[in-house]
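Notes for the one structure printed next.
The values are calculated or read from the model by the stated rules, or taken from the named source; none is laboratory data. The structure presented is a predicted model; accordingly, all values stated were derived computationally and were not measured. Methodologically, a virtual Cβ is constructed for each residue, glycine included, from the backbone with ideal geometry; neighbour enumeration extends over all protein chains shown.
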């Protein structure tokens, strides 16, 4: 083998798969290469919205080859590139029988949100709590509060960024937990301010429907915002609300009761 190092770049769903693919192509063993991780990908996202891993394999010079000290392949990554093991095993939540499930869901929600924010290169403090049901037919809602500096980018125009973050987090959380989990993400109290605005919008829209006799269809909203409209007008004497369309463009339509069959 020449003194000039031979390299190969590989892209695969995970670092492990990329290493295996590269070794297969080169026809070498793990102890005959060095691995440089160019992009670790998004392995913590359960395959949803994931980004492929990208690595570079360096073929070791003959004199530098060493016998691997472990058989499970963990030594193939340089120590500086290894990710520390998580401090909490979310697949085995701790706690007593009464609070175990809730602790697991809250810890998982915090971890998923934190990983997403890390991928966005944002630093923030997270706190997940369980909100009680607002209706006897509802489930408790997981609320993840995000606090920090200069987080307005997380909200976006018409809260599109925040709603997208919330939607993706909810999908991943529900997949991890094994059932649908209602979830809200709030950034520095934005949701509370937004809820007040939605309640005002609901009342004004109802007044317009009553005045004109014509239905009004509001802008697309995520489920938690549509719910605010429904609850605000639930006991209105003259109008009724209905959600129409498909996610993520589902909207609330407000009708006159006498014209809604």
Matching residues in region 120-134 - criterion: being loosely packed, with under 14 Cβ neighbours inside 10 Å and more than 17 Å from residue 182 (Cβ to Cβ): 120, 121, 123, 125, 127
For residues in region 185-204 being under 18 Å from residue 109 (Cβ atoms) and part of a helix (DSSP H, G or I), which is modelled with the lowest pLDDT? 191
Flag if residue 168 is under 19 Å from residue 223 (Cα atoms) and either within 11 Å of the chain's Cα centre (by Cα) or part of a strand (DSSP E or B) (or both): yes
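Residues are listed down the side, and each one gets a yes or a no for (1) over 21 Å from residue 131 (Cα atoms); (2) not assigned by TED's automatic domain parsing to the domain that holds residue 123:
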{"site": "180", "(1), (2)": "no, no"}
{"site": "196", "(1), (2)": "no, yes"}
{"site": "202", "(1), (2)": "yes, yes"}
{"site": "208", "(1), (2)": "yes, yes"}
{"site": "231", "(1), (2)": "no, yes"}
{"site": "238", "(1), (2)": "yes, yes"}
{"site": "252", "(1), (2)": "yes, yes"}
Considering only region 205-227, state which residues are touching a helix residue (DSSP H, G or I) at 6+ places or on another chain (Cβ under 8 Å), surrounded by 14 or more Cβ atoms within 10 Å (Cβ to Cβ) and part of a loop (DSSP other than H, G, I, E, B). 215, 218, 221, 222
